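The block underneath contains the structure these notes are about, expressed in structure tokens.
The values are calculated or read from the model by the stated rules, or taken from the named source; none is laboratory data. Worth saying up front: this structure is predicted, and the values here are computed from it rather than measured. As a convention, Cβ positions derive from the backbone with ideal geometry for all residues, glycine included, and neighbour counts pool all protein chains shown.
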């Protein structure tokens, strides 16, 4: 191996062009967000009770396509209204087909909003709206307004809507009366708050599905926008004489899947470290802090063929120098019959350079 004065080796640069592994990695990240949301929301509902949880939809009176503008409206509402009202929530922003944003929130109230609610009427109203609203998307005065296919459908929807409005308990009515004008002052349009029909698991999976659907409609300009937003209560905890407030949020994204591509990735890193007799920190010093990104194809190839590569890697002699280990790694990767052809060119970053 070279002496300590040698400069750090250039990190392998694997260009990402039409690589199916990258797609799988992104899907894994989306799945982690959805699973984390499910665990946190399920924990929230079990902690406060389903009778205190409602589903809140926030829309805008116009198309708000800029993610910074939409986030600004929401942050002001959360700071000025939701948190002062002592509401806990999980919020998912979603871009609609018209490129405008709206927000879905599972919200925990300090009181019961579920008792007495006519869920059958609410379900019937939703069914009529789903089947007869926005047909053609034109204004039809004879049908009752914008987007209804016929007047009978509009009247039927209003009938069921009136029934479930009348069934709401006093606490939910007070919230409706308070929140609708307040939401308008904060720049929002139609906002609907309804109690939860089913159980905790069903709601958690339902809201979690919005993370997946929102990822499909995300644009390049949405990069940096948080896919899920949490606002949970914090509980004071004393440790070593110091009192700190910790969030009651159950889970975070700091976990890895026990199987799947995450498992292959960890095994690939294990083999790469064995080739150079270094741990992860040592590899970062050798190839640079972003070596996992630049060497992602090599790492995944090693992990995918772990059982085949392990006996060969174990035979690398301890006296082998850096150049010998690099040649061995390239030969090993090519022998695994990967789709990518690897060579010894560590000094260029041309598009056809495998490293």
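Name the single residue, out of those in the stretch 183-214 being part of a loop (DSSP other than H, G, I, E, B), out of contact with any strand residue (DSSP E or B) (no Cβ under 7 Å at 6 or more places or on another chain) and farther than 17 Å from residue 103 by Cβ, that is modelled with the lowest pLDDT. Selected residue: 199. Reported count of residues in the stretch 86-117, each being surrounded by 16 or more Cβ atoms within 10 Å (Cβ to Cβ), in a loop (DSSP other than H, G, I, E, B) and without any contact (Cβ under 8 Å) to a residue 60 or more places away in the chain, is 1.
The selection criterion, being surrounded by 13 or more Cβ atoms within 10 Å (Cβ to Cβ) and at pLDDT below 75, does not hold for residue 284.
Without any contact (Cβ under 8 Å) to a residue 40 or more places away in the chain and surrounded by 17 or more Cβ atoms within 10 Å (Cβ to Cβ): which single residue out of 302, 312, 278 fits that description? Write out each step before concluding.
Details: 312 fails: surrounded by 17 or more Cβ atoms within 10 Å (Cβ to Cβ); 278 fails: surrounded by 17 or more Cβ atoms within 10 Å (Cβ to Cβ).
After ruling out the rest, the residue left standing is 302.
Listed by first and then second residue, the pairs linking a residue in the stretch 140-164 that is on the phi > 0 side of the Ramachandran plot to a residue that is at pLDDT 70 or above and outside any helix (DSSP H, G or I), with Cβ atoms under 8 Å apart and 6 or more places separating them unless they lie on different chains, are 147/133. Please determine, by comparing only the residues of the stretch 254-265 that are over 18 Å from residue 312 (Cα atoms) and surrounded by 12 or more Cβ atoms within 10 Å (Cβ to Cβ), which one is modelled with the highest pLDDT. Applying the filter and picking the extreme gives 265. Just the residues that are under 20 Å from residue 171 (Cα atoms), assigned to a helix (DSSP H, G or I) and within 22 Å of the chain's Cα centre (by Cα), please, taken from the stretch 45-69. 45 - this is the single residue of the stretch 45-69 that is under 20 Å from residue 171 (Cα atoms), assigned to a helix (DSSP H, G or I) and within 22 Å of the chain's Cα centre (by Cα).
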